[in-house]
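The values are calculated or read from the model by the stated rules, or taken from the named source; none is laboratory data. This is a predicted model, so every value here is computed, not measured. All Cβ positions, even for glycine, are placed from backbone atoms using ideal geometry, and neighbour counts span all protein chains on display. Accessible surface areas use protein heavy atoms only, side chains included; no ligands, DNA or RNA. Shrake-Rupley method; radii C 1.70, N 1.55, O 1.52, S 1.80 Å.
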Amino acid sequence: MNRITLLSQRLSNQIAAGEVVERPASVIKELMENSLDAGADRLEIDVEQGGTKLLRVRDNGAGIHKQDLALALSRHATSKIAELADLENIRSLGFRGEALASISSVSRLNMTSKTGDAGDGSAWKVEAEGQEMETQIVPAAHPQGTTVEVRDLFFNTPARKKFLKKEKTEFTRIDEIVKRIALSRFDVQFTLNHNQRAIHKLLAAKTEQEQQRRVGLVCGPAFVENSVFIDMEGPQLRLWGWVSLPTFSRSQADLQYFYVNGRIVRDKLVTHAIKQGYRDVLYHGRHPAYVLYLELAPGTVDVNVHPTKHEVRFRDSRLVHDFLFSSLHKALAKITPTDQLAATNSSLHGSTAFGSNYAGAGVDFGGSAQSHLSLSEPTRQAYGSGFRGSGPAPEAIAQQLAAYARLNADDGEIPPLGYAIAQLHGIYILAQNQEGLIVVDMHAAHERITYERMKQACQNEELKMQPLLVPLSIAVSAAEAECAESQRQFLLQLGIELERAATESIIVRQIPSILRGADIEQLVRDILSDVLEYGSSDRIQAHQDELLSTMACHGSVRANRQLSIPEMNALLRDMEATERSGQCNHGRPTWVYQSLDELDKLFLRGQ
Ligand code: ADP
Ligand code: MG
């Protein structure tokens, strides 16, 4: 056994670096956060060879006093907190005081800075040397602000260097960090150069329009065109940002930016709540895209739970979870054909022929101007009473003619999805609205309408509980049994009555009647584990929705059913009045739109 010795300064910093300095991108993150903490509104980032040769961040922030320069490079030295109580109210991005010390222990780092109130107006440069990392301070030239240069990352820790990937991969990660931070601070200008090539130049964005432009530059124009802007408030909570329309889903969860009080997080609770918000409209296995900002009182969230601060802990996690879920759920339900068409028309981007109907952003959810131009009652009944295969009745023909007359009169009363013209192959409805052609998948559309009606009916009746003839006893962990006991009231609201029977066993007494046939034991287990982890559970709702969805599917018009024109029109009107009618129960689009302009382009008209 060796004798005990004190580690050298550098070695202990290198050990700490293991946690925060994983690759060039992590260095960029720390340096950028320092610049923002210093109040800079202009950051210039230069990278060479994927960051392995050079990483430089120059800012116009407050700068560092000459006397503090050496201290800034030592471990546990920070200007951001002074006592434990400060940890409760953190507004800065950094506070652990170890980034610069760690980075300079595994690279050749120098830092030049000038403060605004430097009496003699001079700038100073510092670097650390040797095993004990003694510092050298020399005069330099620099405008107000700070430049940190990091060269030859991991030159003295070959084991770590081996883990670095190709230049391109490392740069992609740096780029991703820059994007994340750029989306967190619209008020700051960012430039990023790689091997002297300009990659980003993002000007400060003040207006909502400029902000949206930045979102487009960072996330791609398609995202902005296929998303809506939301802004919702809850009890001391605010959620705003851009969320993708359900039909613009992705195969990977790569376009997801979530900020808590300006800090990017990847949090299980958040991801879960958002996914749940999209549950009913997203195609199976797809991921939504979003850039979302959650704002809440700093005291209600703990950011000091993870070294790279990617996870957070909310004081009232159920409140946050439910707020996120219900905000998104509401927003997605409210997207109407009118909104979608308005977005399409306002977007200058010529979408591909028969792409999805969704385009544009900045849709206001306030009071959507839904036109209530429903056709006369008899038509509704005809549609409601099932679809007869017979040809159109005389009065139907009259109505059809009336509809055409209205269409041609062009009196601005044409509903968003227009009037039906014909049925294609017994599957699609062709309709004409003011500006173009609408094609509807009639089975998909009808399925959504039936489903939403059934959900509504179910909700109005509340969740009827039904006692189990033989109460079911289930063996669970002590934590789960405690949860069942303490959350008894909450579970009752879901329609489930549980009772704790012993330390590790519970009894199920009542369940929602609609779930009669379900595997109750599995359901209860899943619910308890949800509640333990996220403070809430939507399993009952999900289960119920699934059941209703299946029922709706069976009760909906099948393909190859001949519909009369009035029946088709009634379906269109119902779509306009139904929530989430843009997607079927499985998340596929129910209708697409092609404007006359786009049709003209297809035929090279007027070119
Ligand atoms: P932390 O950010 O956790 O405080 P760091 O090691 O990243 O720890 O930085 C140490 C200190 O150096 C900071 O608290 C800050 O006072 C100072 N500092 C670092 N970078 C800058 C900068 N770009 N501008 C002004 N001050 C800086
Ligand atoms: Mg820092």
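Values computed for the structure shown
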item: Residues being within 10 Å of ligand 1 (Cβ to nearest atom) and open to solvent by less than 10 Å² (accessible area, probe 1.4 Å) - total across the stretch 21-35; result: 3
item: Gly50 being part of a helix (DSSP H, G or I) and in contact with a strand residue (DSSP E or B) (Cβ under 9 Å, 6 or more places away or on another chain); result: yes
item: Selection from the stretch 22-44 of residues that are more than 21 Å from Asn261 (Cα to Cα) and within 12 Å of ligand 2 (Cβ to nearest atom); result: Val27
item: Members of the stretch 92-121 that are in contact (Cβ under 8 Å) with a residue 60 or more places away in the chain and more than 10 Å from ligand 1 (Cβ to nearest atom); result: Ser105, Val106, Ser107
item: Qualifying residue in the stretch 94-114 (condition: of a type outside the set (A, V, I, L, M, F, W, C), within 14 Å of ligand 2 (Cβ to nearest atom) and over 30 Å from Lys161 (Cα atoms)); result: no
item: Residue match in the stretch 71-91 (condition: open to solvent by 20 Å² or more (accessible area, probe 1.4 Å), near ligand 1 (Cβ under 8 Å from one of its atoms) and outside any loop (DSSP other than H, G, I, E, B)); result: yes
item: Test for Val57: is it within 12 Å of ligand 2 (Cβ to nearest atom), assigned to a strand (DSSP E or B) and of a type in the set (A, V, I, L, M, F, W, C); result: yes
item: Out of Ala501, Ala484, Ala479, sole residue that is over 21 Å from His272 (Cβ atoms) and in contact (Cβ under 8 Å) with a residue 12 or more places away in the chain; result: Ala501
item: Options Leu596, Leu572: the member that is surrounded by 16 or more Cβ atoms within 10 Å (Cβ to Cβ) and within 35 Å of the chain's Cα centre (by Cα); result: Leu572
item: Test: Leu292 is open to solvent by less than 10 Å² (accessible area, probe 1.4 Å) and outside any helix (DSSP H, G or I); result: yes
item: Residue in the stretch 157-179 that is within 13 Å of ligand 1 (Cβ to nearest atom), of a type in the set (S, T, N, Q) and in contact (Cβ under 8 Å) with a residue 12 or more places away in the chain present; result: no
item: Helices (runs of 4 or more DSSP H) contained entirely in the stretch 434-515, each with at least 1 residues that are over 32 Å from the mean Cα position of the chain (by Cα) and among the acidic types (Asp, Glu); result: 478-486
